[in-house]
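*Asks:* So that we are looking at the same thing, I have put the structure below in structure tokens.
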Amino acid sequence: MSQRYEMRFSGSGGQGMILAGIIMAEAAAIYDNKNAVQSQSYGPEARGGASKAEVIISSQPIDYPKATGIDAMLALTQEACAKYCNDIKEGGILLVDSEEVKNLPRGNFKTYSFPITSIARDELGKTIVANIIALGMITELTKIVSHEAIEKAVLARVPAAFLDLNKKALQIGFEKAKAVKV
């Protein structure tokens, strides 16, 4: 890899999209030895308003830290999808929570739709790990960082009492994405 790879994680405040972006950047920079920058923004509401985190990953130095053409985007809410999907590149990836995002945007990109929050609730009993399941899915779909790197980054960020839960959530994300990848 030599060119920039731009990712956007979006949802509502409190869904862990900022944390997902931080974890992705750390996986790339600390564990996969790539260059990465991460930025974030959220509405004045903080919890409940649209929020996003952007990560740029490259094997070369990153000269501009803002995302301009998104290669892969995650959207956990309809509002975030509508607000932030406009600059997904042709051939890019859009991953959405199918129970929240009903009106899919049109474009020359591949869309993957999964009931991410329901998977977290039904398979692990905790919706709070939906962001980690989504992180596993987007990692598998993009292959931008290794499974080992993202797992180390996740486990370095979560409280000790929740290591096993988050490891399971990440594995579920890998498996769900493998099942649909063409």
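*Asks:* Kindly establish whether G136 is small (G, A, S), under 19 Å from G21 (Cα atoms) and modelled with pLDDT of 95 or more.
*Replies:* Details: small (G, A, S): yes; under 19 Å from G21 (Cα atoms): yes; modelled with pLDDT of 95 or more: yes.
Considered against the rule, which asks whether it is small (G, A, S), under 19 Å from G21 (Cα atoms) and modelled with pLDDT of 95 or more, G136 comes out as yes.
*Asks:* Also: Only residues that are at pLDDT below 95 and not hydrophobic (A, V, I, L, M, F, W, C): list them for region 40-58, please.
*Replies:* Q40, S41, Y42, G43, P44, E45, R47, G48, G49, S51, K52
*Asks:* Now, a different point. Being basic (K, R) and modelled with pLDDT of 95 or more is the filter here, so list the residues in region 1-23 that pass it.
*Replies:* Scanning region 1-23 gives a single hit, R8.
*Asks:* Please list, ordered by first then second residue, the pairs with beta carbon atoms under 6 Å, 6 or more apart or interchain, first in region 137-149 and in contact (Cβ under 8 Å) with a residue 40 or more places away in the chain and assigned to a helix (DSSP H, G or I), second of a type outside the set (S, T, Y) and surrounded by fewer than 18 Cβ atoms within 10 Å (Cβ to Cβ).
*Replies:* Partner pairs satisfying both residue conditions: E140/K178.
*Asks:* Scan (1) surrounded by fewer than 23 Cβ atoms within 10 Å (Cβ to Cβ); (2) among the aliphatic types (A, V, I, L, M); (3) touching an Asp or Glu at 6+ places or on another chain (Cβ under 6 Å) for the single condition L76 breaks and write down its number.
*Replies:* Every listed condition holds for L76 apart from (1).
*Asks:* Also, I was wondering about something else. Give region 110-126 a look and list any residue that's closer than 18 Å to P159 by Cα and either surrounded by fewer than 16 Cβ atoms within 10 Å (Cβ to Cβ) or in contact (Cβ under 8 Å) with a residue 60 or more places away in the chain (or both), or say none.
*Replies:* G125, K126
*Asks:* Tell me, which residue of region 140-156 that is in contact with a Leu (Cβ under 8 Å, 6 or more places away or on another chain) and buried (at least 17 other Cβ atoms within 10 Å of the Cβ) is farthest from A80 (Cα to Cα)?
*Replies:* It comes out as E151.
*Asks:* Of the residues K168, K110, K152, K143, which is more than 24 Å from A29 (Cα to Cα) and of a type in the set (K, R)?
*Replies:* None of the other options fit; the residue is K110.
*Asks:* Might you check whether a residue that is in a strand (DSSP E or B), under 20 Å from C85 (Cα atoms) and touching a residue at least 60 places away in the same chain (Cβ under 8 Å) occurs anywhere in region 22-39?
*Replies:* no
*Asks:* While we're here: Would you confirm whether any residue within region 83-103 is surrounded by 14 or more Cβ atoms within 10 Å (Cβ to Cβ), part of a helix (DSSP H, G or I) and out of contact with any Phe, Trp or Tyr (no Cβ under 7 Å at 6 or more places or on another chain)?
*Replies:* Scanning region 83-103 turns up at least one residue that is surrounded by 14 or more Cβ atoms within 10 Å (Cβ to Cβ), part of a helix (DSSP H, G or I) and out of contact with any Phe, Trp or Tyr (no Cβ under 7 Å at 6 or more places or on another chain).
*Asks:* From the list D32, D63, which one is of a type in the set (D, E, K, R) and over 23 Å from A156 (Cβ atoms)?
*Replies:* Unique residue meeting the criteria: D63.
*Asks:* Right, next: Of all the residues that make up region 127-136, how many are crowded, with 21+ Cβ neighbours inside 10 Å and either assigned to a strand (DSSP E or B) or polar (S, T, N, Q) (or both)? Even if it seems obvious, please write down each step before you answer.
*Replies:* Let us first name the residues in region 127-136 that are crowded, with 21+ Cβ neighbours inside 10 Å, namely 129-136.
Adding the requirement that they be either assigned to a strand (DSSP E or B) or polar (S, T, N, Q) (or both) leaves 131.
Within region 127-136, residues that are crowded, with 21+ Cβ neighbours inside 10 Å and either assigned to a strand (DSSP E or B) or polar (S, T, N, Q) (or both) number 1.
*Asks:* Answer yes or no: is there a residue in region 28-45 that is among the basic types (K, R) and surrounded by fewer than 22 Cβ atoms within 10 Å (Cβ to Cβ). Step through it out loud before you land on a result.
*Replies:* Residues of region 28-45 that are among the basic types (K, R), as a first pass: 34.
From what is left, the residues that are surrounded by fewer than 22 Cβ atoms within 10 Å (Cβ to Cβ) are 34.
Yes, region 28-45 has at least one match.
The values are calculated or read from the model by the stated rules, or taken from the named source; none is laboratory data. In this text, all values refer to a predicted model and were calculated from it rather than measured experimentally. Glycine gets a Cβ as well: all are built from the backbone with ideal geometry, and neighbour counts include every protein chain shown.
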